[in-house]
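J.: To start, I am sharing the structure in question, which I have written as structure tokens.
The numbers here are math on the coordinates, done by the rules we state, and not lab data. The model shown is predicted, which means the values in this text are computed figures rather than measured ones. Here Cβ is always computed from backbone atoms with ideal geometry, including for glycine, and neighbour counts include all displayed protein chains.
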Amino acid sequence: MLEIKNLTVNYGVITALHDVSLTIPRGSIVTLIGGNGAGKTTTLRAISGLLQPAGGSIHYAAENGRAEEITSVPAHQLVRRGLAHVPEGRMVFANLTVQENLQMGAYLQRDKALIRRELDYVFGVFPRLQEREKQIAGTLSGGEQQMLAIGRALMSQPKFLMLDEPSLGIAPLLVKTIFEKIVEINRAHGITILLVEQNANLALEISHFGYVLETGRVILQGAAAALRQNPQVRSAYLGGA
Amino acid sequence: MTEFLQQLINGLSLGAIYALIALGYTMVYGVLRFINFAHSDVFMIGAFAGFYSSRALPDASVAHGLTVLCIAMIACAILGIVIERLAYRPLRARSKLTVLITAIGVSLLLENLGQFIFGAAPKRFPQIFPEKNLTLAGGMTLSSSQIIVLVVTIVCLVSLRFIVMKTKIGTAMRAVSFNPIAASLVGINTDIVISFTFGLGSALAAAGGILYSMNYQAIDPLMGILPGLKAFVAAVLGGIGNIPGAALGGLLLGVIETFVNGSRWSTYTDAIAFAVLILILLFKPAGLLGQLEVEKV
Ligand SMILES: Nc1ncnc2c1ncn2[C@@H]1O[C@H](COP(=O)(O)OP(=O)(O)OP(=O)(O)O)[C@@H](O)[C@H]1O
Ligand SMILES: [Mg+2]
């Protein structure tokens, strides 16, 4: 579904990504793990068109058809093609209500009935959001904001969803719920997912494939189950043992 | 008491004009975090657009007045969009200071072009609405132009509130204002929203320009400078970026100015009005309705 080849991204003179290549098959959950500053967020931002890569290519195939190069397509045009990105730090519109945030998620959808259906679906996934429909998003708790950020992304009816550290700053119990929802979104709706996580254990548990990024390079890749057994991964990202 | 009410009405109708201009400053600041210094000249162009279009509609009537108003608003909306497209958008990635200096340049350009095309000498603004004075109980008088100022301003403010709070493009404006990156991630084309904001703000400035000219009757290419400055202060007073704040700030400034003007300190009107503002900002640095925000990088 997504094929990244030799992606290089610079911030001024700093090279944040060196020749990163990733393959994300349709219907899968793929996890990108790595320490602070490894380049995970940079990878997602380059895919969603927020950053202009210095080299390499990104190909995306929305339907089972020909892949299209999206390397320099601006972010707002990718939403129409079925890409959605839940950014690091959630970035909900804090000055808008929960309902308005979700409506903005469906910004490109003109069909009111479809928006309504999508809204019901999101409220089904996150009933808490329905209870807080009229609340200003800035006053939601961190966990609720994360649900809203994911819900907002779902409102665009994506085929490919990227999540940047959905567990950050959230109580363990809620993290478990959110991960269950991610699996549900993937299974029930066939939405392909690229997940960035510091919580490598949990992320690899629900993923099919994993990539390990270190200082802007892919240093390991493989089936999630295999990565979880890999001694290098275990010592660096899974808390030893 | 009558004297007080009379001054209050005079103050509100002056303040309404500041409010209309202030809204443009604040909305553009909201989406781009910069002060569009050329905005006061859009106000001036609005007055001249009214001046020239009224030649085609010579006799004063409500229908003609409204037509002139609409023509000026549309002309300025287009002008505002063009200014943003040609002067500011190419500099979007540059520092705020670069854009700010460009805005001052655009302002000077419009003023000089105005002097070149319209002539530097003041022109008499024609009567576009029928003129009549209404005497209320207690000897208070309300001129028809004051009524028009108040009615037009109220209609503009209510429509603006509807657009910003209830429509999709208005919600998108608020979304872009809060976080343009998140806005583009939901599919909002921020360029279109920014153009729309410039158009809307410039149309309101044009309405302000017409209403101002109806009351002061003389227009010239530098007429925007002082009202523009005051409207900018009004926007800061209300909390820059905050739409109801700009309206409130404008009205307040107009009222303060009118009362000082009617007192024995009238020579120092502007000084006293600004001193009051400085005092308010000392106690509420983010403005009356504004919230302090950490400068985003
Ligand atoms: N806007 C920027 N300007 C300059 N350097 C940046 C910028 N954004 C990120 N970097 C640098 O690029 C590198 C990769 O950053 P990135 O945010 O992609 O890391 P990450 O893997 O997401 O880390 P974390 O887990 O802490 O979120 C870091 O060294 C960071 O300092
Ligand atoms: Mg990150």
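J.: Using 7 Å Cα-to-Cβ label points, what is the B:Lys166/B:Gln217 separation (nm, one decimal)?
T.: 4.0
J.: Of A:Ile191, B:Leu252, B:Gly201, which is farthest along the charge dipole of the protein assembly as shown in the positive direction, counting Lys and Arg as +1 and Asp and Glu as -1 at C-beta?
T.: A:Ile191
J.: As I understand it, the value is the acute angle between the Cα axis of helix B:62-83 and the longest principal axis of the Cα atoms of chain B; what does it come to in degrees, rounded to 10?
T.: Orientation of helix B:62-83: about 30 degrees from the principal axis.
J.: Additional query: Hey, with R₀ at 51 Å, roughly what FRET efficiency would A:Lys176 and B:Ala120 work out to, going by the Cβ-Cβ distance, to 0.05?
T.: My answer for the efficiency is 0.10.
J.: Please get the size of the charge dipole for region A:2-237, origin at its Cα centre, with Cβ charges of +1 on Lys and Arg and -1 on Asp and Glu, quoted in debye to the nearest 20.
T.: 240
J.: Still on this structure, please answer the following. Which aspartates and glutamates have a Cα lying under 20 Å from the Cα of B:Lys168, excluding residues fewer than 8 positions away in the same chain?
T.: A:Glu100, A:Asp111, A:Glu118, A:Asp120, A:Glu133, B:Asp191
J.: Now for a separate question. Using the Karplus equation 6.51 cos²θ - 1.76 cosθ + 1.60 (θ = phi - 60°), what ³J(HN,Hα) coupling, rounded to whole Hz, does each residue of region A:101-109 give in order, writing x for Gly and Pro?
T.: 4, 5, 4, 5, x, 9, 3, 8, 7
J.: Other chains near B:166-172: what is the mean number of their Cβ atoms within 10 Å of each residue's Cβ?
T.: 3
J.: Something else now. What residues from region B:221-235 fall in the zone where the backbone N is under 20 Å from a label point 7 Å along the Cα-to-C-beta line of B:Tyr52?
T.: Answer for region B:221-235: B:221-225.
J.: Show me, bin by bin at 5 Å from 0, the whole-percent P(r) of region A:2-237 based on Cα pairs.
T.: 1, 7, 15, 18, 20, 17, 12, 7, 3, 0, 0
J.: How would you rank A:225-238, B:262-275, highest first, on the average number of other Cβ atoms within 10 Å across their residues?
T.: Ranking the peptides A:225-238, B:262-275 by packing returns A:225-238, B:262-275.
J.: Let me ask another. Taking the convex hull of the alpha carbon atoms in the protein assembly as shown, what volume per residue do you get, in Å³?
T.: Measuring per residue, one finds 184 Å³ for the Cα hull of the protein assembly as shown.
J.: Separate question: For helix B:144-166, what angle does its Cα long axis make with the longest principal axis of chain B, in degrees from 0 to 90 and rounded to 10?
T.: Between helix and principal axis, roughly 20 degrees.
J.: Applying a 10 Å radius around every beta-carbon, put A:109-118, B:226-235 in order of their mean neighbour count, most first.
T.: Packing order, densest peptide first, comes out as B:226-235, A:109-118.
J.: Within a 10 angstrom radius of each residue's Cβ in B:176-182, how many Cβ atoms of other chains show up on average? Whole number is fine.
T.: Mean number of neighbouring Cβ atoms from other chains: 6.
J.: Residue by residue through region A:193-202, which ³J(HN,Hα) values in whole Hz follow from phi under the Karplus form 6.51 cos²θ - 1.76 cosθ + 1.60 (θ = phi - 60°), with glycine and proline marked x?
T.: With the stated coefficients, region A:193-202 comes to 10, 10, 10, 10, 8, 8, 7, 5, 4, 4 Hz.
J.: If I model a spin label at A:Gln52 and A:Ile219 as a point 7 Å from the Cα along the Cα→Cβ vector, what separation in nanometres do I get?
T.: Between A:Gln52 and A:Ile219, the label points sit 3.2 nm apart.
J.: What does the average come to when, for each residue of peptide A:101-111, you count the partner chain Cβ atoms lying within 10 Å of its Cβ?
T.: Mean number of neighbouring Cβ atoms from other chains: 4.
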